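The values are calculated or read from the model by the stated rules, or taken from the named source; none is laboratory data. For clarity, every value in this text was computed on a predicted model and none was experimentally measured. Glycine gets a Cβ as well: all are built from the backbone with ideal geometry, and neighbour counts include every protein chain shown.
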Amino acid sequence: MSAPMVTTRFAPSPTGFLHVGNLRAALFNWAIARKAGGTFVLRLDDTDPERSKPEYADAIREDLEWLGLLWDRLERQSDRLDRYAEAADRLRADGRLYEAFETPTELDLKRRKQLNMGRPPVYDRAALDLSDAEKDALRAERPAHWRFKLDRERIEWADGILGDVSIDAASVSDPVLIRGDGQVLYTLASVVDDVEMGITDVVRGSDHVTNTATQIQMIRALGAEPPRFAHHSLLTGPGGEALSKRLGTLALRDLRAAGVEPMAILSLMARLGSADPVELRSTPEEVAEGFDLSRFGAAPTKLDPDDLGPLSARYLQGLPASAVDADLAALGVPEGERERFWAAMRENVETRGDLAAWWRLVTEGASPLVAPEDADFVAEALPMLGDPPYGPETWGEWTAAVKARTGRKGRDLFMPLRHAVTGREKGPDMAALMPLLKVRPGGG
């Protein structure tokens, strides 16, 4: 019997924007599916009607498309409530789902009491001891929630990153699957979906390890075999600090607005926390080909957001003119000049947005940057430059003539002229820049 096709999923809640932290789960699951020729499912965990927003669902899809992490199927949990209700009925019939009536305040008091006694704060299953009459009385005054009854035994699995994991179910509270208001919670919906969608591999953060233990029992209670699980480490800042306070600036849409290239993000995130060095890849498919889950470790993974800028610039500077053609066209660079313009400017841009300033220099000129001690020199040199159009030999001929008249040479000759023409300390090769200029430097 052949093994089932590899099927993975990314299941974000549309309650906010994606950031680099939850991108890891998306990327890892996408890469596993693509490398195996399998199926990648985007599954929106939108069973919470108050917190789930259509604009966040739209943003999730936009961000994944921008990165090139395209899905094969899109599922919405809000469309599958009948499937969760049916699964809940099966678990009730099998004695694995039971009513409980404690309020949040009552549960908090129980947890505090257990902690004060040095015991783990595990739900005491008091609801199982209620008589039918007591249940009827409680139902009349408050809504019940529904808990899954765990078999109190060790739950074990071979984790794709953490290795062999073993959790004593007696140390875990019976999870609430359905709230008092009837809302199906993540644990039940996720399990039912994984079973019915044929999910074979699940990669997610290490903060889900305990969830995985309970879900393995639930999947087996529904008569299925659990998928392969792997739990990646959580991201920290460069000094090991929690990233939570910085995630606002690490939202994917903010990185996009800042001009960070998608391939820089994917290349970094596909290797960060692994035993392999970061390698700049050209396409998402190349990232998938080089992805190896077994190379990742369990230790917290340090992310320095400042690494993204240089990596993004290196990727951008390595692109051919055809890859930035749309950006150049939007600036108004004539088609016949785009390749020359990009060749001259590519080493001097960190983001695509930087191209606009260089195009303004070419078409409108720049305010000369002149040090006081160079003022007389520049005033004498600029009139020696004729009007455009210029050729590739213009810079050499002009500087040679200025040198002959003024006696300046080396940096004292070239740097003031560069600053006067470009209005900048640094910039492209001047011999390549001069033929692009539409206006005479310094006006006139």
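For segment 14-52, a tally of residues being within 18 Å of A251 (Cβ to Cβ), without any contact (Cβ under 8 Å) to a residue 40 or more places away in the chain, assigned to a loop (DSSP other than H, G, I, E, B) and in contact with a helix residue (DSSP H, G or I) (Cβ under 7 Å, 6 or more places away or on another chain) returns 0.
With respect to V421, determine if the residue is of a type in the set (V, I, T), within 30 Å of P262 (Cα to Cα) and touching a residue at least 24 places away in the same chain (Cβ under 8 Å).
So V421 fails the test.
Quick one: is V370 of a type in the set (V, I, T), in a loop (DSSP other than H, G, I, E, B) and at pLDDT 95 or above? So V370 passes the test. Selection within segment 300-350: residues that are assigned to a loop (DSSP other than H, G, I, E, B) and at pLDDT 95 or above. The member of this set that is nearest to the chain's Cα centre (by Cα) is E350. Within the option set L243, L188, L222, being touching a helix residue (DSSP H, G or I) at 6+ places or on another chain (Cβ under 8 Å), farther than 28 Å from H145 by Cα and touching a residue at least 12 places away in the same chain (Cβ under 8 Å) holds for one residue only, L243. For segment 53-60, the count of residues that are among the basic types (K, R), outside the structural domain of A133 (by TED's automatic domain parsing) and in a loop (DSSP other than H, G, I, E, B) is nonzero.
In segment 195-235, the qualifying residues are those that are in a helix (DSSP H, G or I) and among the small types (G, A, S), and the one that is surrounded by the most Cβ atoms within 10 Å (Cβ to Cβ) is A213.
Might you check whether a residue that is closer than 30 Å to R256 by Cα and surrounded by 14 or more Cβ atoms within 10 Å (Cβ to Cβ) occurs anywhere in segment 365-373? Walk me through how you get there before you give the answer.
As a first pass, look at segment 365-373 and keep what is closer than 30 Å to R256 by Cα: 365-366.
Going one step further and asking which of them are surrounded by 14 or more Cβ atoms within 10 Å (Cβ to Cβ), we end up with 365-366.
Yes, segment 365-373 contains at least one residue that is closer than 30 Å to R256 by Cα and surrounded by 14 or more Cβ atoms within 10 Å (Cβ to Cβ).
Across segment 121-141, the number of residues qualifying as surrounded by 12 or more Cβ atoms within 10 Å (Cβ to Cβ) and at negative phi comes to 13. Condition first: closer than 30 Å to A313 by Cβ, at pLDDT 95 or above and in a helix (DSSP H, G or I). Can you find one or more residues in segment 377-395 that meet it? Scanning segment 377-395 turns up at least one residue that is closer than 30 Å to A313 by Cβ, at pLDDT 95 or above and in a helix (DSSP H, G or I). Looking only at residues in segment 16-56 that are at pLDDT below 95 and among the β-branched types (V, I, T), the one that is nearest to T236 (Cα to Cα) is V20. The residues on offer are L70, L109, L115, L64, and the sole one that is of a type in the set (A, V, I, L, M, F, W, C) and assigned to a loop (DSSP other than H, G, I, E, B) is L70.
Of all residues in segment 294-323, those that are free of Cβ contacts under 8 Å to residues at least 60 places away in the same chain have Cβ atoms under 6 Å from Cβ atoms of residues that are among the acidic types (D, E) and part of a loop (DSSP other than H, G, I, E, B), 6 or more apart or on another chain, in R295/D276; S312/E261; A313/E350; Y315/E261; L316/E261.
Of everything in segment 74-120 that's without any contact (Cβ under 8 Å) to a residue 40 or more places away in the chain and either touching a helix residue (DSSP H, G or I) at 6+ places or on another chain (Cβ under 9 Å) or under 27 Å from I265 (Cα atoms) (or both), which residue is surrounded by the most Cβ atoms within 10 Å (Cβ to Cβ)? This residue is E102.
The number of residues in segment 29-53 being at negative phi and more than 19 Å from the chain's Cα centre (by Cα) comes to 12. Between R246, R256, the distinction of being at pLDDT 95 or above, outside any strand (DSSP E or B) and either in the same structural domain as L311 (by TED's automatic domain parsing) or surrounded by fewer than 16 Cβ atoms within 10 Å (Cβ to Cβ) (or both) belongs to R256 only. The test for being among the aliphatic types (A, V, I, L, M) and surrounded by 13 or more Cβ atoms within 10 Å (Cβ to Cβ) holds for L69.
Within segment 56-70, the residues that satisfy the criterion of being touching a residue at least 40 places away in the same chain (Cβ under 8 Å) and closer than 13 Å to R256 by Cβ are A59, E62, D63, L64, W66, L67, G68.
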